[in-house]
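Data first, discussion second: the structure below is written as structure tokens.
The values are calculated or read from the model by the stated rules, or taken from the named source; none is laboratory data. Keep in mind that this is a model prediction, so the values were computed, not measured. Cβ coordinates were reconstructed from backbone atoms using ideal geometry, including for glycine residues, and neighbour counts include every protein chain displayed. Surface accessibility is based on the protein's heavy atoms, side chains included, excluding ligands, DNA and RNA. Shrake-Rupley method; radii C 1.70, N 1.55, O 1.52, S 1.80 Å.
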Amino acid sequence: MSRRAARPARTARPANCPCGHPVPYEKCCGRLHRGEAAAATPEELMRSRYSAFAVRDEGYLLRTWHPRTRPPRVEFDPATRWTGLTIEDTTEGTAFHPRGTVTFLARYTDGGRADSLHEHSTFERVDGAWVYVDGTFID
């Protein structure tokens, strides 16, 4: 019997997609996480990245991070549970744009205490695919 290297544990796949769309995870962000499709817009990428945090898919997060700003790894806090996403605004990000932005509010609990992350994120195309560049926190 061969032994595999230990991989970080992912959370169980949810029935409905964590991104907020009322469809099953497997047919929504799951298909992006598995590489069966690519995000068509920065908003779709933002939603799929939020879902990747919710299901702790480090590989997807790193693949969709701009090479110039990508960290070497993503650390997941086991006490954090992502509980909801609201997209507040988007700019550019169509098939005719090389860049786009998404302003969002991501809700989570940390050790049972409710909190949120409010960010204005920047996305760019790299080899035709949308990737996350960076974000500015909003108070």
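Tabulated values for the structure
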read-out	value
Whole-Hz couplings from phi, Karplus 6.51/-1.76/1.60, listed for the stretch 71-84; x for Gly and Pro	x, x, 7, 10, 9, 9, 7, x, 7, 8, 10, 7, 10, x
Solvent-accessible area, 1.4 Å probe, carbon plus sulfur percent, for the chain	53
Cα-based equivalent ellipsoid of the stretch 12-139: semi-axis lengths in Å, sorted from largest, via gyration tensor	21, 17, 15
Mean accessible surface per residue for the chain, computed with a 1.4 Å probe while every protein chain stays in place, in Å²	60
Among 33-40, 129-136, the order from most to least packed when residues are scored by Cβ within 10 Å on average	129-136, 33-40
Within the chain, helix-based [θ] at 222 nm, where runs of 4 or more DSSP H residues each add -39,500 (n - 2.57), nearest 500	-5000 deg cm²/dmol
Per-residue HN-Hα couplings for the stretch 116-132 [Karplus 6.51, -1.76, 1.60; θ = phi - 60°; Hz; x = Gly/Pro]	8, 10, 10, 9, 10, 9, 10, 10, 9, 8, 10, 6, x, 9, 6, 9, 7
Heavy-atom accessible area ranking, 1.4 Å probe, most first, across GLU88, GLU44	GLU88, GLU44
